[in-house]
1. Top mean-square fluctuation among B:157, B:21, B:30, Gaussian network model of chain B, C-alpha springs under 10 Å?
2. Please give the helix E:185-207 orientation as an angle from the longest Cα principal axis of chain E, in degrees from 0 to 90, rounded to the nearest 10.
3. Of D:24, B:109, D:29, F:233, how do they rank once you tally other Cβ atoms within 10 Å and put the fewest first?
4. Could you pull the copy-to-copy label distances for residue D:228, with points set 7 Å along Cα to Cβ, in nm to one decimal and sorted shortest first?
5. Would you order F:144, F:204 from fewest to most other beta-carbon atoms within 10 Å of each residue's own beta-carbon?
6. Would you work out if chain C is rounded, prolate or oblate? Take a ≥ b ≥ c from the square roots of the eigenvalues of the alpha-carbon gyration tensor; rounded if a/c is under 1.5, else prolate when a/b is larger than b/c, oblate otherwise.
7. What is the calculated FRET efficiency for residue F:60 to residue E:25, with r their C-beta to C-beta distance and R₀ = 25 Å, to the nearest 0.05?
8. Is the shape of the protein assembly as shown best called rounded, prolate or oblate, per the rule: a/c under 1.5 gives rounded, else a/b larger than b/c gives prolate, else oblate, with a ≥ b ≥ c the square roots of the Cα gyration tensor eigenvalues?
């Protein structure tokens, strides 16, 4: 399965379904706390993770001058491939924005698919105006250096209580952002697509006033009925 | 006072007024923290509590297989009477949704008036599409079993820091959900309706530029004026 | 610079820009956590702080009767000058509203520019209907006396983790509320207006696909280019 | 009852008993969260509250220079009467100590009975060496100005979620610190002394293997037995 | 394996070892947050869980009068079998003690092995004097009714983020309290005893200055050496 | 100044004094929250930071098998130079221990000066028995893999809200652990030694009953007196 095929398929699957599939494979910690859509009705996005990492600010290093350092958020942005999703480990900090409108505008220009962080953004209104979809935990006016110091990119990071490695698959929709480990992404996608179809059929059964026990999760009789209906299509 | 009359009356009273009336009767802990309306402009709902209880998940019992157990959320839903409000004790858990769209759809089918929880829902967009009004603390993609295990219904529970007993009266509006102990519900309703009328009159006085001291709370002179205006109607 | 001139200028500057300017002057704690706009699209407001202070409720003093005390929120409101911004230290309490619609209506009548608090409001829908812009941390039904006791006004207070003194300058927009110490307000305003212009120009450069390193923050070459463009206007 | 008599009586009563008595009078919020004894085996202390108030530090005012201001913690200490208990509202801050050894030594010199705060102290070992008993929420190395700014004394304050007014009665023991409103202190003391005697008798009954139901709380038969035993002494 | 044999064996195994064994069987949530030993040097205790459940207090039901109800903590204590460990779901409440000295004394009399709670106790010093070993999250003076209402015993509960069912095996030592699901307790005990022996041997190797890689966890060579040493004993 | 000289000098200076000196140089965030001494009366330790970094566990990578990986905590320990202080970024996690007794024993063997973490340790009693001084936020039974995954060493990390870089100077005593940026360590040491001497003299003045205003901080007269006394020694 190519990335293009996988991403196309995943754009039709909810993060709710993905977490169910991942749980059945033994993964309970895949949904990133605090990654809410910044705007209503952002489309579901899918992409490979481009990770970024902050540590707590220390007044001797977290200065506006650090913005010009070769290890800056600016330099990181210029390394981002088109279609990636920037996953920013802000240690859940709420009192300073990881990014404002200028950096977001540059990311949008470079074709970055989305920004996902357990922190917050600043100048949120202008960030949205750049067209970059954002999942974060709200807004704050202060610049990142007020409490965060950037230390590097494409390292393993934590985001919203979840471990994320460079190039893992990220899916984000109205319920937040989920990571799919790269090694099992293709397999998870296939199961999830089928699970999504089954759940759609169950919803139509609920619509017909079928009670839940036996229907969801489906018992053998229900499953047989589903397979019949699927074949009939 | 029948339930129908009481509920009709309560639909005209804000939860803000109800908490004031309950405070005057010595009850300070009646508003459930974290019970925000999931969608804007949900109508005020009133109903008797149908309680549900979760404990923390343990990997040996909180499995997808538990969804088929006779003590499952599915079984509970089939016990809910029309018009009730499901009050779910999720211990304030934010990292897994108590419910998704399929269970919500079934509740809507059964005429459940609303879902109130100190936890979150999953697949929030589809939950709203079922028409079930929801008060909760946000959304999360993972299924309940990722961190919660369902243990029973119609027991005393805690929800958002408030004790709720089966068949207490629940009222929810834009400010969140409030419990009225069943034993004092009729009396509280009567006082609240009158309080609401008084506050409406005070607002009209503020509109006439009357200063607050003496007006709110009303001193004897103000109260006499109010009684005159009320009689004049 | 008169207050009128300063406020006019500040209405054109984001709180994001202000916090950057204040950080460069050594102030990192100026943005008040929890001060989110209650409604979308509230205009940016600017005004001098009128501070109010609550302590935790104690059942012997925090009673509805206390609402008639000479040291009440009602009395405080009658002291507010037109154009001020009420800054309420609610110690971040989320379980009781500092204000409801009647007090908000009176403040609107008196020409108060906005209400800013690290707590919450009650009867939020009716508060908004009064036309008073509000920055707060959500809504709760219970009255303030359920957990808060009002003790005075125009004292130094803490709001959202920030120290605020009477008559400091407050600016609030979509990212929340920021304090500018009165003593440096004029100087900060001048720098911020210029910073805002520079950032607008940088955004137009990003639009032209200029990469970030060297552009933001601007190196000498960029800065020269900016000065040329500015002069050319 | 003189202060001396009251304090003598209260030194024989646990804070556990006092909170039970206060609860029966309708006061549930009297125990200050975070006020743990800094050292094991500190004696129970009783005294009138001398309140002190901090707000969040702002870099322009919370400086080492502020230590010399007439409104400083130093000036406050010189106002403390012998036998008082300093109650410090530190807003629960854990990242900077309200006091270190020098200020504690001066308080000990002046005969202050104890220091109670919802914050922490610095140089904790040396503070203890001064002999001043301390109830607080731990230790931190940084000076108060790193995150706190002192604004005044003998004002109403909040400490550990409890409202405290100047000259209220404070009692602190191994379970933490409790406030008794000045107006009801004599009455509470009398009831508490009798309650303490009753509970001592109940403990001796438990020792004799009497089951709890009917014993604690005592039913009529038990209470009669207690009265007999008390009279017999 | 009888309970007596199992408990004897488990008294020789640390909770650290038990959590490692349980993790290898897929159980990550078995250690109860907040269950610290109340006194230093309490012996390791083992017993079957006797569960108790609190919900948030509501002023109309959580009254001193409720202490005489047939569904009271007093009644529950009289049901406790000798050797059990009381596991109290206090929802992590820190502002009121679940128990004081009288109830603890009665439990000690009845031969209860220990008290484990995610809440706190009151009159902590006297509780310890009863000889009952306690694992909890500290002390608070107020009685349970100040914020908790007791609703029942021997139900499934949550304690410190862990699901506990009646008659599960509880082990508590200096690191806190751990639950072993009843169904797998015998098997876990056997593996844990062997694991403990292995780790003791590894410690003696570290003492001989053997580096960690290959030693811990042991590779094949190390494991063979261990088996030889074990056989040689 | 050699490391040996600097460390010798710093062993005579409290972390309280160091944070005051660092604050005067503009550094407010240098004390690591949660780094409490695991045992009473641990000596003050000084050394260069050897950093270690964890991210949240993900079930596919955080397994007992990972303990044998070349990028494991075991491998890191074998890289530690004698005299260093291991600074472990555990993201403040309280539900799993970063280390147990075996790893601690190996560190003690290698001459590591101390372990500092914002997380917790497991098998705390046995850890202490190895002789390794530990500063941490308590104890928990579960192994690190239950919620943490180790990703590397000698990278910039966050610990207790403070940014720490490899080879920074760490000082830890009863008040917790403090970082001194390597670049300014010599200068800070010199100022701190003198500050410590001054504060000792001030304590002796307090002992002589000198009031605080003018004494602490010292005014010109006091400072002259101090210089005279110092010269006289």
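1. Per the Cα network of chain B with a 10 Å cutoff, B:21 tops the list.
2. 60
3. Working: D:24 15, B:109 19, D:29 25, F:233 6.
Starting with the residue having the fewest Cβ neighbours, the order is F:233, D:24, B:109, D:29.
4. 6.8, 7.8, 7.8, 8.0, 10.7
5. Numbers: F:144 28, F:204 11.
Going from sparsest to densest Cβ surroundings: F:204, F:144.
6. Working: a/c = 2.50, a/b = 2.35, b/c = 1.06.
In terms of gyration-tensor shape, prolate.
7. On the way: r = 17 Å, r/R0 = 0.69.
E(calc), rounded to 0.05, equals 0.90.
8. Working: a/c = 1.01, a/b = 1.00, b/c = 1.01.
In terms of gyration-tensor shape, rounded.
Throughout, read-outs are computed from the coordinates displayed, never taken from laboratory work. Everything numeric in this text was worked out from a predicted model, so none of it was measured. For neighbour counting, all protein chains shown are included, and Cβ atoms are generated from backbone atoms with ideal geometry for every residue, glycine included.
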